[in-house]
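Encoded as structure tokens, the structure appears first; notes follow it.
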Amino acid sequence: SRVTELISAGSMAKVAVTEYRMANGSMPTTNALAGISNVSTKYVSSLAVGALGVITITGKATPLGTGGAFAITLTPTFSNGAVNWTCNSTGATQYAPASCR
């Protein structure tokens, strides 16, 4: 359930990246272009929009209880007028939602 906070932070960023893509015809490559701030909470260390609109949410290992690094990556693709998302995880992947493993 702690990882849910990472997914929630990512959901907000997904909306921003999708809106940017629809308005500008390309993916944002930074938080500033997407119109979002870095996020830092009890469980989230950082949230970053990078090349091709890829969103990386890095978790804080100690509060999450993962015993090591953990991050979720949300990768957008644009097809048939819609942005679709793929979720992957790195680090202690046993803590990731099934859709991100």
message: Helix-only estimate, please: 222 nm mean residue ellipticity of the chain, summing -39500 (n - 2.57) across DSSP H runs of length 4 or more and dividing by its residues, to the nearest 500.
response: -8500 deg cm²/dmol
Rel. contact order, % - alpha carbon contacts under 8 angstrom, at least six apart, the chain: 21 percent
- request: Give me the distance in nm between label points sitting 7 Å out from Cα along the Cα-to-Cβ direction at SER46 and ASN84, one decimal.
  value: 3.1 nm
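Which value, in Å², gives the accessible area per residue of the chain when a 1.4 Å probe is used on the protein heavy atoms?
51 Å²
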Ranked order, CYS87, CYS100 - accessible area, probe 1.4 Å, largest first: CYS87, CYS100
message: I need two numbers for the chain: Rg to one decimal and Dmax as a whole number, Cα atoms only, in Å.
response: 13.3, 42
task: Quick one: pull the percent of accessible area on the range 1-78 belonging to carbon and sulfur, 1.4 Å probe, ligands and nucleic acids left out.
output: 57 percent
Computed lengthening from ASN38 to SER26, 0.36 nm per intervening residue step minus Cα-Cα distance: 2.2 nm
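The values are calculated or read from the model by the stated rules, or taken from the named source; none is laboratory data. The structure presented is a predicted model; accordingly, all values stated were derived computationally and were not measured. A quick note on method: Cβ atoms are made from the backbone with ideal geometry, for glycine too, and the neighbour counts reach across all protein chains shown. Calculation scope for accessible area: heavy atoms of the full protein, side chains included, ligands and nucleic acids excluded. Shrake-Rupley method; radii C 1.70, N 1.55, O 1.52, S 1.80 Å.
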